[in-house]
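K.L.:
Once you've had a glance at the structure underneath, I'll fire off some questions.
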Amino acid sequence: MRESLKRKFIDVCDKKIASKGPEVGLSFYAFFANKNDDPELLMEAATWWIMTHRLDHFEKATKIKALIYASEHA
């Protein structure tokens, strides 16, 4: 996953956790606007979410952050 997408995931997770608490769940659509203005980036996120990690539609923001940090240190 490209670095800019990782940062976006972390930023959105941090904001959601700050506003709704550590149990908040997100789908990968939470990281995008309601319009398809960057289909390659959307597919990259979907591939990471669905194919690489086989995540459910909604996952805890804390789990998403942990997976991103783990991939940086793999």
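K.L.:
Any idea of the accessible area per residue across the chain, 1.4 Å probe, to the nearest Å²?
P.N.:
For the chain, the per-residue accessible area is 66 Å².
K.L.:
Here's another thing I want to ask about it. Would you indicate which of (i) 47; (ii) 40; (iii) 64 is the value of percent of Cα pairs over 17 Å apart derived from the coordinates of this structure?
P.N.:
(ii)
K.L.:
Once you have a ≥ b ≥ c as the square roots of the Cα gyration tensor eigenvalues for the stretch 19-62, tell me rounded if a/c is under 1.5, and otherwise prolate or oblate according to whether a/b is larger than b/c.
P.N.:
Judged from the Cα gyration tensor, the stretch 19-62 comes out oblate (a/c at least 1.5, b/c at or above a/b).
K.L.:
Could you pull out every whole DSSP H run in the chain that spans at least 15 Å of Cα extent along its own axis and averages 0.0 or higher on the Kyte-Doolittle scale? Walk me through the numbers on the way to the answer.
P.N.:
On the way: long enough: 3-20 (25 Å, -0.67); 61-72 (17 Å, 0.34).
Length and hydropathy pass: 61-72.
K.L.:
If you don't mind, another one. Given a 10 angstrom Cα cut-off, can you work out which residue in 20, 63, 35 is the most mobile in a GNM of the chain?
P.N.:
35
K.L.:
Follow-up question, since we're still on this one. Of all the accessible heavy-atom surface of the chain, with the other protein chains kept in place and a 1.4 Å probe, what percent is carbon and sulfur? If you can, show how the numbers build up before the last one.
P.N.:
Numbers: 2630 of 4880 Å².
The computed percentage sits at 54.
K.L.:
In nanometres, what is the gap between the two model label sites at residue 33 and residue 56, each 7 Å from Cα along Cα-to-Cβ?
P.N.:
Spacing of the two 7 Å Cα→Cβ label points: 3.2 nm.
The values are calculated or read from the model by the stated rules, or taken from the named source; none is laboratory data. Note that this is a predicted model, so its numbers are computed, not measured. Don't worry about glycine lacking a Cβ; one is built from the backbone with ideal geometry, like all the others, and counts go over all protein chains shown. Note: areas computed on protein heavy atoms with side chains; ligands, DNA, RNA excluded. Shrake-Rupley method; radii C 1.70, N 1.55, O 1.52, S 1.80 Å.
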